[in-house]
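One structure is given below, encoded as structure tokens.
The values are calculated or read from the model by the stated rules, or taken from the named source; none is laboratory data. What you are looking at is a predicted structure, and each value in this text was computed from that prediction instead of being measured. Counting neighbours? That spans all protein chains shown, and the Cβs are built from the backbone with ideal geometry, glycine included. Side chains included, ligands, DNA and RNA excluded: accessible areas come from the protein's heavy atoms. Shrake-Rupley method; radii C 1.70, N 1.55, O 1.52, S 1.80 Å.
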2 protein chains.
Amino acid sequence: MKTQLKKGVLDLCVLAVLDRGDSYAYELVNQLAQGMQISEGTIYPLMRRLQAEAWVETYLVESSAGPSRKYYRLTAAGRAELDAMRREWRDFVSEVELVLSPAPQTEEALS
Amino acid sequence: MKTQLKKGVLDLCVLAVLDRGDSYAYELVNQLAQGMQISEGTIYPLMRRLQAEAWVETYLVESSAGPSRKYYRLTAAGRAELDAMRREWRDFVSEVELVLSPAPQTEEALS
DNA sequence: CCGCATTACCTTGCAATGCAAGGTATCGTG
DNA sequence: CACGATACCTTGCATTGCAAGGTAATGCGG
């Protein structure tokens with residue numbers, strides 16, 4: 001999948017996944033990596049940004065196999081942002097589809 | 001419209017517009033600026049990239065009001081690329097919509 | 001004829017973000 | 001006790017959109 005296309009969408013995707021239940025970065029990468037490529041070098045800075053915006057909050061959970069996991073939970077603000085991003089996403093897709101669709105036959109295009 | 005979302009899509013949009021007829025950068029900005037914001041500082045480097053990839057070729061046309069216009073015409077390679085990009089776009093949208101849709105209830109998620 | 005708006009071209013520097021590469025630490029198993 | 005898997009993280013680079021600024025041609029009003 002083209003790298004540039006993902007820019008600005010991964011936030012939305014991560015928030016959407018977290019809306020289905022708390023998770024931690026390492027797991028998020030594995031989940032998202034199935035459909036769209038995404039690597040650790042992407043997710044960790046991204047989670048920091050989400051936390052800096054107060055869209056998620058964290059808590060540690062000890063693991064039976066490996067170091068403690070830093071779980072992320074959506075905040076109320078995060079859920080609101082998720083809704084806003086969903087709307088932006090739909091508007092964006094509509095806009096692009098409009099450009100991609102065949103000429104809209106505007107009357108004044110016959111100069 | 002969010003800046004980051006546009007990354008990787010503007011190429012596709014410009015090629016799609018050119019597929020409907022030759023145009024020049026200044027006009028492309030005005031056309032695209034209706035739906036999605038786009039500025040001159042974006043379009044000129046972009047057109048250079050498209051030309052460097054040989055997806056478009058140029059020819060000058062003198063204008064009755066202002067300096068000569070540098071028209072861009074889609075090449076065969078450009079048209080092929082446009083088709084490829086359209087497919088990538090659809091795949092990309094599908095992938096994101098999949099993530100945004102409610103939990104798909106995979107059996108093995110009950111560990 | 002001169003300045004100004006409009007058209008039309010272009011470049012520089014910055015900001016945002018995805019990613020490869022590399023680093024650290026913990027746990028269970030052989 | 002070495003190793004793989006799990007899980008965390010950072011640094012530096014590449015790409016790309018954009019604001020800001022610069023150049024030049026044309027026609028019009030004063």
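Worth a mention:
- Within segment B:12-36, being at pLDDT below 95, open to solvent by 20 Å² or more (accessible area, probe 1.4 Å) and either in contact with a helix residue (DSSP H, G or I) (Cβ under 8 Å, 6 or more places away or on another chain) or facing chain A (nearest Cβ under 10 Å) (or both) holds for B:GLN31, B:GLN34, B:GLY35.
- Qualifying residue in segment B:73-91 (condition: surrounded by fewer than 13 Cβ atoms within 10 Å (Cβ to Cβ) and in a loop (DSSP other than H, G, I, E, B)): no
- Any chance A:GLU97 is among the acidic types (Asp, Glu), open to solvent by less than 90 Å² (accessible area, probe 1.4 Å) and not in a helix (DSSP H, G or I): no
- Residue that is nearest to DNA strand C (Cβ to nearest atom) [pool: residues in segment A:41-55 that are in contact with a Gly (Cβ under 9 Å, 6 or more places away or on another chain) and of a type outside the set (Asp, Glu)]: A:LEU50
- The set of residues in segment B:40-72 being open to solvent by 60 Å² or more (accessible area, probe 1.4 Å) and part of a loop (DSSP other than H, G, I, E, B) consists of B:GLU53, B:GLU62, B:SER64, B:ALA65, B:PRO67, B:SER68.
- Assessment of segment A:54-63 against the conditions (within 14 Å of the chain's Cα centre (by Cα) and not polar (S, T, N, Q)) yields at least one matching residue.
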